1. Over the chain, what is the relative contact order in percent, taking alpha-carbon pairs closer than 8 angstrom and at least six residues apart?
2. Between the stretch 173-203 and the stretch 260-306, how far is it from one alpha carbon centroid to the other, in angstrom?
3. Mind checking the angle between helix 116-125 and the chain's longest principal axis? C-alpha axes, 0 to 90 degrees, to the nearest 10.
4. Taking Cα centroids, how far is the stretch 384-446 from the stretch 52-128 in Å?
5. Given Cα pairs under 8 Å that are at least 6 residues apart, what percent is the relative contact order of the stretch 70-145?
6. Using only Cα atoms, locate the centre of the stretch 351-375 and the centre of the stretch 146-165, then give the distance between them in Å, rounded to an integer.
7. Classify the stretch 193-245 from the C-alpha gyration tensor, please: rounded if a/c falls under 1.5, else prolate or oblate depending on whether a/b exceeds b/c.
8. How big is the convex hull of the Cα atoms of the stretch 121-187, per residue, in Å³?
């Protein structure tokens, strides 16, 4: 079979046009999805001479990775040590366990966190520039760029340089399963044509399901109908495909929430960068109501929904704005209200002037003291609101990632509901239990490692 891939760049994303016959395609490993987990697996396999084909149902690469905002979770890296912000893996795990997030997944989280330096180096060797120390467990892009878009630009370039074939507009509609093994996938192209891709290994890197209200209703009905900042492509395709083979689903009721969604003109964007840069959250009374950077986003979302009219705002000053290119981009798009004084900002967003002035004054004093006596915030307390102008953006809670997903072993091999391995089938990234850019990179590389060992 002969096929040809043509690569071009548009808006910093690699696009691929394809011309090929509708006879079966043969490859060593077919990877379904082109976000960080899929491309990481592809690059590692290609490095050691493995035949790889990447399939992407959208006309562009990246999926939800494109939308990752500001930081990469890692600890005790050389970058952290140089900045004097050191946190051990055991201490990070204790902090995570205390927050209640993903407690059942702590053993795998520990594996990933011990690989922090390895994963940071993997990205930086390719030119990502993940060197900006934000906190003792966060790294950002050196120039303040958005994490996901920078990662995808770099990985797309590296994929092109490696000559890895990618087919876009190629939706996988079935797994090919014979004699107890997965032997490839069936794809449907833009024109409706069907084609088989036969492979020794299938890696599902299809992302989460937050843009599939049917699956949200099935697995996490509490959050049905909330806005989402996930990619339009995050419709749970991998779960739907694998469940046909009686694959096990783990923790699907756990949906990762975003307490910082700004919704305007039918577009939902994450304002997490505003809190990351030190911003605080207020309600319609002009008062804080929570730890603005509390790690349990489910708790924060419920606190937001309990506020008058369910409305809240994030407030930052000019120092925070200048620290983030992402926020500057949002300002240009009109997602922020700006004012030279706190009183004028209060009038513009409809909250009591006196209350907002007192709130910012009190919080500023807490920042200078290094202690938030009102709500116990400890992370990213760096905005004391002494640098006008001031900015506000309205917020809603919403869904961001689906934490639960296909159950896999430590090699990312999919399991059935009775605990057996499904031969030749792997799942990586947000499709598996847990979420986030570091998790996606780590799982993609783990799957490639196991395939290379076979």
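1. Working: 1031 pairs, mean separation 90.7, N = 454.
Computed value for the chain: 20 percent relative contact order.
2. Here the two parts' Cα centres lie 42 Å apart.
3. 80
4. About 11 Å separates the Cα centre of the stretch 384-446 from the one of the stretch 52-128.
5. Working: 92 pairs, mean separation 34.0, N = 76.
So the answer I get is 45 percent.
6. Between the Cα centre of the stretch 351-375 and that of the stretch 146-165, the gap is 43 Å.
7. Details: a/c = 2.73, a/b = 2.15, b/c = 1.27.
It is prolate, given that a/c is not under 1.5 and a/b is the larger ratio.
8. Values: hull volume 10.8 nm³, N = 67.
For the stretch 121-187, the hull spanned by Cα atoms encloses 162 Å³ per residue.
Only the coordinates and a few stated rules stand behind these numbers; no lab work does. On a predicted model such as this, the values are computed, not experimentally measured, just so you know. With ideal geometry, Cβ positions are generated from the backbone for all residues, glycine too; neighbour counts draw on all protein chains shown.
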